[in-house]
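The structure under discussion appears below in the form of structure tokens.
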Amino acid sequence: MATTQGDPWADGETGLPDELNFRKDTQDFSLVLGGPLFQLLRKARLAGNHTELLPRRLLTLALGAWLPLLLLTLGSPAGDSARLSFFRDVEVHVRFLIALPVLIAAELPVHLRIRPIVSRFVDWRIVLPRDFLQFHRAIQSAVKLRNSIPIEVGLWLLVYTVGLWLWHNRVAITVSTWYAMPGGRGQLTPAGYWYVFISIPVLQFILLRWYFRFFIWFRFLWQVSRIDLNLIPTHPDRAAGLAFLGKSVYAFGPILFAQGTMLAGLVASRVMYRGESLQAFKLQIGGFIAFFVVAILGPLVMFTPRLAGVRRKGLAEYGQLAQQYVERFDNRWLRGAATPSEELLGAADIQSLADLGNSYALVREMRSIPFGLEDISRLAAVTAAPFLPLLLTVWSPEELIMRIVQVVF
């Protein structure tokens, strides 16, 4: 163990972590309460010390991205003559009036769900006192990354270099739109300049910032998975006590919903104004949903080697214990070792044998991954939810309701 000399967090006499300071350290952990942007929003009075002022922050950023587009379009002649007017651009409205607010509001559930998960490793004694220092270092490493100024500046540079380059190379202006006129890569309108250089970069930065937070979280879990965790193979959650990790990813559901919303807006624009069929996008939509479910749950397989080892060890240990018990049970009750005065009916040995069988069954049924089909289906449903309104382009509302009823019942 590395020295803790000079570390106020460690106990001066033993060199081990002070438990009170350690528990405060875990309770203060947050993926969202930190970083240069967070400090800037605090100075602008759009954020407080915790998650307060969320409505103010949400309205300011979302309307700042969308409202100038409306005002500049109304004052531009291209807004009336464009083949694709601002009011008919479903993709833009979905991005800035639904996806962007959801991405901003997602800070609240992520903060409220993830912080207790960190404390649970300690409260449930999954991390034992002897490993507190290693756990503390994992927390401090995550906090340092979250607060990194160079990384957030790098994300902004990425948005204004690679992001703009990709947009200009992906979009070819062949007809008049509310944001650009035809000619080469297009001549941007006043609304187009705000759209390309303000609105889109803001959305891209917030999205990239969430991706980086995913990286911080999974990197933290990877460091935790290297600790000698106190995992019990007979835990009723069928994951040695780690099934709460599969539930923790529900916190990221709003980000998946926002991602689905942006793709649904793009598909809606193609279906409504280009005459393309929704059926033509079914593979892309299915692949999109599968990708994000795997991206969120997949990293949790980092615990698989340890869980598999716990299961193997549990089967061996409980198998040995069962062998010893059933041998004695057999000798006592079936080979005549029991005295005539002993009653088989109601004997504690019978109940103990049943309990031992249940314990062995729990070990045998233990999963080697800390999530199950329920977690997969919930995340898939959240990601797919924004595509449901698009079904109205295929079926009437009555037909859609009947099909949903048939599926549910």
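The values are calculated or read from the model by the stated rules, or taken from the named source; none is laboratory data. Keep in mind it's a predicted model, so treat the numbers as computed, not measured. Here the Cβ positions follow ideal geometry from the backbone for every residue, glycine too, while neighbour counts run over all protein chains shown. Only protein heavy atoms, including side chains, enter the accessible area calculation; ligands, DNA and RNA are left aside. Shrake-Rupley method; radii C 1.70, N 1.55, O 1.52, S 1.80 Å.
Fraction of C-alpha pairs exceeding 17 angstrom in the stretch 185-275: 71 percent, rounded to a whole number.
Quick note on the stretch 236-301: its Rg to Rh ratio, both from C-alpha atoms and Rh being the Kirkwood radius, is 1.16.
Let's see if you can work this out: charge +1 on each Lys and Arg Cβ, -1 on each Asp and Glu Cβ, no other charges. What is the dipole magnitude of the stretch 221-279 about its Cα centre, in debye to the nearest 20?
140
Extending 7 Å from the Cα toward the beta-carbon at both Leu164 and Glu374 defines two label points whose distance is 4.9 nm. The figure for Ile232 is an accessible area of roughly 80 square angstrom, using a 1.4 Å probe on the protein chains alone.
Residues whose amide H falls under 5 Å from that of Met181, counting only those 5 or more places apart or on a different chain, are Gln187, Leu188, Thr189, with hydrogens built in the peptide plane. Within the full protein context, the accessible area of Asp228 is estimated at about 80 Å² for a probe radius of 1.4 Å.
Over all distinct alpha-carbon pairs, what is the Kirkwood Rh of the stretch 99-140 in angstrom?
Kirkwood hydrodynamic radius for the stretch 99-140: 11.9 Å.
Between the beta carbons of Asp28 and Glu52, assuming R0 = 25 Å, the FRET efficiency works out to 0.95 to the nearest 0.05. Size descriptors for the stretch 68-167 (Cα atoms only): Rg and Dmax, in that order, 22.3, 71 Å. Between the listed residues Val118, Leu72, His93, the Cα displaced farthest toward the positive end of the dipole of the stretch 67-154, a dipole computed from Cβ unit charges relative to the Cα centre, is found at Val118. The alpha carbons of the stretch 127-285 give a radius of gyration and a Dmax of 22.3, 68 Å, in that order. So if we plug the beta-carbon distance of Gln324 and Asn147 into 1/(1 + (r/R0)^6) with R0 = 35 Å, what FRET efficiency do we get, rounded to 0.05? Plugging the Cβ-Cβ distance into 1/(1 + (r/R0)^6) gives 0.05. Remark: spin-label model distance Ala385-Leu70 equals 2.4 nm, labels positioned 7 Å along the Cα→Cβ axis. Put a dot 7 Å past the Cα of Leu40, heading toward its Cβ, do the same for Lys282, and the two dots end up 4.5 nm apart. The largest accessible area among Val162, Val32 belongs to the first residue in Val162, Val32, and the rest follow in falling order (1.4 Å probe, all chains). The HN-Hα couplings worked out from phi for the stretch 205-218 by the Karplus form 6.51 cos²θ - 1.76 cosθ + 1.60 (θ = phi - 60°) are 5, 4, 5, 5, 5, 5, 4, 5, 5, 4, 4, 4, 5, 6 Hz, whole numbers, x standing for Gly and Pro.
Give the carbon-plus-sulfur fraction of the accessible surface of the stretch 24-153 in %, rounded to a whole number; probe 1.4 Å, heavy atoms of protein chains only. That fraction is 61 percent.
Residues Lys247, Lys282 ordered from highest to lowest accessible area at a 1.4 Å probe: Lys282, Lys247.
Computed with a 1.4 Å probe on the full set of protein chains, the accessible area for Tyr325 sits at about 60 Å². Accessible-area rank, largest first, for Arg328, Arg42: Arg328, Arg42, with all protein chains present and a 1.4 angstrom probe. When +1 charges are put on Lys and Arg Cβ atoms and -1 charges on Asp and Glu Cβ atoms, the dipole computed for the stretch 267-324 relative to its Cα centre reaches about 60 debye.
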